[in-house]
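Structure first, then comments.
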Amino acid sequence: MNRRSPARSRVSGFTLLELLMVMVLLGVAAVAIASLSAHLFSGQSASRDLVVGTQLLQECAEQVLAVRRNKGYTAVTTSACSGLNLSPDNLGGFGVPSVALAVTGDPGAPSPVTACTSASSFCTVTVSVGKDGTSLAPVVFRLANYEI
């Protein structure tokens, strides 16, 4: 009896067409991931800018309140934040925060001043900061003159 070897069973492996399809799918997936990561980094940059700007606003507002507490109501001026120890490297592209002051007389609208005066009961302080021509929402608060 002459036994023949059984017919070769199906050869395992991938065909050239299957390999090409997998390579195309992996290429499309890689391009999609790369484009998503580019948008992710730009979103992180905007978020970092918001955090840095908010911290600058908060630091300047706290400086104005410290001047009011330590030196008095009339010591609060538009240059209250110029004494902050801010180096350009730490500002993240923002300028030094600016302070605007206004006093409200009894009959009239607020008038801008360079310092809170002893003749006024209240002084409105507006702290603002900007970067590249845009600015964050300013911090606005009111100081009261307790010495009147």
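Laid out as a table, the results:
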quantity: Matching option when the condition is of a type in the set (A, V, I, L, M) and modelled with pLDDT of 90 or more, among Val103, Val139; calculated: Val139
quantity: Filter result for Gly83 (small (Gly, Ala, Ser), at pLDDT below 80 and surrounded by fewer than 11 Cβ atoms within 10 Å (Cβ to Cβ)); calculated: yes
quantity: Only one of Leu25, Leu40, Leu36 that is modelled with pLDDT of 90 or more, in a helix (DSSP H, G or I) and open to solvent by 70 Å² or more (accessible area, probe 1.4 Å); calculated: Leu25
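The values are calculated or read from the model by the stated rules, or taken from the named source; none is laboratory data. This structure is a prediction, so every number in the text was calculated from the model and none was measured. Reconstructed Cβ throughout: ideal geometry from the backbone, glycine too, with neighbour counts over all protein chains shown. Accessible surface areas use protein heavy atoms only, side chains included; no ligands, DNA or RNA. Shrake-Rupley method; radii C 1.70, N 1.55, O 1.52, S 1.80 Å.
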